[in-house]
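Let me begin by presenting the structure, written as structure tokens, before commenting on it.
The values are calculated or read from the model by the stated rules, or taken from the named source; none is laboratory data. As the structure is a computational prediction, the values presented were derived from the model and not from experiment. Neighbour counts run over all protein chains shown; Cβ positions are idealised from the backbone, glycine included. Just so you know, the surface numbers come from the protein's heavy atoms only, side chains and all, with ligands and any DNA or RNA stripped out. Shrake-Rupley method; radii C 1.70, N 1.55, O 1.52, S 1.80 Å.
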There are 2 protein chains.
Amino acid sequence: MGDGSERITTVEIYGQSYHVRGLSSPEYIAQLAAFVDERMREVSEFTPTVDTLKVAILAALNIADKYLTARKKLQTVEQLVADRTEKMRASLDSVLHPDSP
Amino acid sequence: MGDGSERITTVEIYGQSYHVRGLSSPEYIAQLAAFVDERMREVSEFTPTVDTLKVAILAALNIADKYLTARKKLQTVEQLVADRTEKMRASLDSVLHPDSP
């Protein structure tokens with residue numbers, strides 16, 4: 001998502017500016033910032049608190065949940081691909097070489 | 001990841017206690033908390049700051065990056081499953097029904 005050179009992108013999250021250093025494009029950093037900002041606003045709706053750190057931590061937990069869930073699903077689908085490929089290869093084999101053991 | 005009843009789990013993240021309300025099991029909440037804590041400690045290594053909120057926000061951005069990357073990969077793999085299934089079905093069809101158009 002970048003050209004290999006580190007740069008600093010300024011984003012606003014939950015009403016405060018942050019300078020983010022990284023290899024990613026400013027557009028991608030802005031997308032991430034909007035995503036985090038959105039989760040924080042969601043959290044603050046359901047957790048009335050003036051503690052911005054608590055809101056950030058709960059949002060981070062929420063995003064971590066999404067990540068671990070997606071990662072688990074990815075592993076399941078990758079296993080499915082491997083299993084299904086093997087099964088269909090076996091089906092093709094049995095048609096193409098019906099006398100093989 | 002839960003039995004349908006909301007409960008409160010207390011976790012420690014970056015040296016501070018948080019009460020997390022949700023449907024998930026205490027074990028899963030603890031796993032998420034450990035994950036967020038780890039990301040915050042990583043961030044603080046590379047970003048010397050005493051501002052815990054900044055560390056939490058940068059960790060949230062980092063986790064959001066992991067999530068969006070995993071989600072994109074999941075979409076790619078799911079598309080691959082659909083494409084590959086269709087292709088292998090066509091291969092089987094051409095062997096089983098060689099005269100079909």
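General remarks:
- Against the list (1) within 8 Å of chain B (Cβ to nearest Cβ); (2) under 12 Å from residue B:57 (Cβ atoms); (3) modelled with pLDDT under 95, the condition residue A:19 fails is (1).
- Number of the condition not met by residue A:22 [criteria: (1) crowded, with 16+ Cβ neighbours inside 10 Å; (2) within 17 Å of the chain's Cα centre (by Cα)]: (2)
- Residues (among the charged types (D, E, K, R) and surrounded by 14 or more Cβ atoms within 10 Å (Cβ to Cβ)) located in segment A:65-88: A:65, A:66, A:71, A:73, A:78, A:84
- Count - residues of segment A:5-37 that are more than 17 Å from residue B:54 (Cα to Cα) and not small (Gly, Ala, Ser): 7
Matching residues to (1) open to solvent by 30 Å² or more (accessible area, probe 1.4 Å); (2) aliphatic (A, V, I, L, M); (3) under 20 Å from the mean Cα position of the chain (by Cα):
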residue: A:16; (1), (2), (3): yes, no, no
residue: A:30; (1), (2), (3): yes, yes, yes
residue: A:63; (1), (2), (3): no, yes, yes
residue: A:90; (1), (2), (3): yes, yes, no
residue: A:95; (1), (2), (3): yes, yes, no
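- Hits in segment B:7-16 - residues which are within 10 Å of another protein chain (Cβ to nearest Cβ) and of a type in the set (S, T, N, Q): B:16
- Of all the residues in segment A:1-14, those that are outside any strand (DSSP E or B), loosely packed, with under 13 Cβ neighbours inside 10 Å and modelled with pLDDT of 90 or more number 0.
- Looking only at segment B:32-48, and only at residues there that are within 11 Å of another protein chain (Cβ to nearest Cβ) and open to solvent by 50 Å² or more (accessible area, probe 1.4 Å), the one that is modelled with the lowest pLDDT: B:46
- In the set (1) open to solvent by less than 30 Å² (accessible area, probe 1.4 Å); (2) farther than 30 Å from residue B:93 by Cα, residue A:51 fails one condition alone, (1).
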